[in-house]
Amino acid sequence: MTADCLFCKMIAGEIQVPFAHQDEQLVVLKDINPQAPLHLLIIPRRHIATLNDLTPEDDGLVGSLFRAAATLAKQHGYDERGYRTVFNVNREAGQSVFHIHLHLLAGRGMGWPPG
Ligand code: 5GP
Ligand code: ZN
């Protein structure tokens, strides 16, 4: 738990939010400002500020985040249609919450390259 971290406060229950899904490693939130019909944030319970802070010990955790994204995409009917997963890292990528989270976006056509 990092005291000034929004997602740590949510995970600790200091800020009460409904989780769309949770298990012992991660929680899933609906994004407050959705950029697609489905926009979920898949968040590890443990505080890791950016992808730059990952260690080899986190490999299993990161795999779990991606597998949760695939499961959630399938549950919402987007596995065949398609979906996008994104980690924003630092300023130029637009990271605004410094506790890693995997964005799962689906339900509309997506441009490439991303903006
Ligand atoms: P980032 O810009 O760091 O990649 O993504 C942070 C995401 O968290 C943004 O998409 C933003 O809309 C979302 N967000 C910020 N504050 C809240 C909040 O209080 N509740 C929820 N559910 N999402 C939030
Ligand atoms: Zn945190």
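The values are calculated or read from the model by the stated rules, or taken from the named source; none is laboratory data. None of these values were measured; they are calculated from a predicted model. Reconstructed Cβ throughout: ideal geometry from the backbone, glycine too, with neighbour counts over all protein chains shown. For accessibility, only protein heavy atoms count, side chains too; no ligands or nucleic acids. Shrake-Rupley method; radii C 1.70, N 1.55, O 1.52, S 1.80 Å.
Summary of values
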| read-out | value |
| --- | --- |
| Enumeration of residues in region 66-81 that are surrounded by 13 or more Cβ atoms within 10 Å (Cβ to Cβ) and small (Gly, Ala, Ser) | 68, 69, 70, 73 |
| Residue within region 99-108 that is out of contact with any helix residue (DSSP H, G or I) (no Cβ under 8 Å at 6 or more places or on another chain), over 21 Å from residue 51 (Cβ atoms) and either outside any loop (DSSP other than H, G, I, E, B) or more than 16 Å from ligand 2 (Cβ to nearest atom) (or both) present | yes |
| Criterion: open to solvent by 80 Å² or more (accessible area, probe 1.4 Å), of a type outside the set (Phe, Trp, Tyr), more than 16 Å from ligand 2 (Cβ to nearest atom) and touching a residue at least 24 places away in the same chain (Cβ under 8 Å) - qualifying residue of 18, 37, 56 | 37 |
| Positions within region 42-53 being open to solvent by less than 50 Å² (accessible area, probe 1.4 Å) and more than 11 Å from the chain's Cα centre (by Cα), in sequence order | 48, 49, 50 |
| Test: residue 101 is closer than 26 Å to residue 4 by Cβ, in contact with a Leu (Cβ under 7 Å, 6 or more places away or on another chain) and either at pLDDT 95 or above or open to solvent by 40 Å² or more (accessible area, probe 1.4 Å) (or both) | yes |
| Residue selected from region 42-72 under the condition in contact with a helix residue (DSSP H, G or I) (Cβ under 9 Å, 6 or more places away or on another chain) and hydrophobic (A, V, I, L, M, F, W, C), by the criterion nearest to ligand 1 (Cβ to nearest atom) | 43 |
| Residue, farthest from residue 106 (Cα to Cα), within region 1-15, restricted to residues that are exposed (fewer than 15 other Cβ atoms within 10 Å of the Cβ) and without any contact (Cβ under 8 Å) to a residue 40 or more places away in the chain | 3 |
| Strands (runs of 3 or more DSSP E) lying entirely in region 17-92 (those with 2 or more residues that are under 18 Å from residue 108 (Cα atoms)) | 38-44, 83-86 |
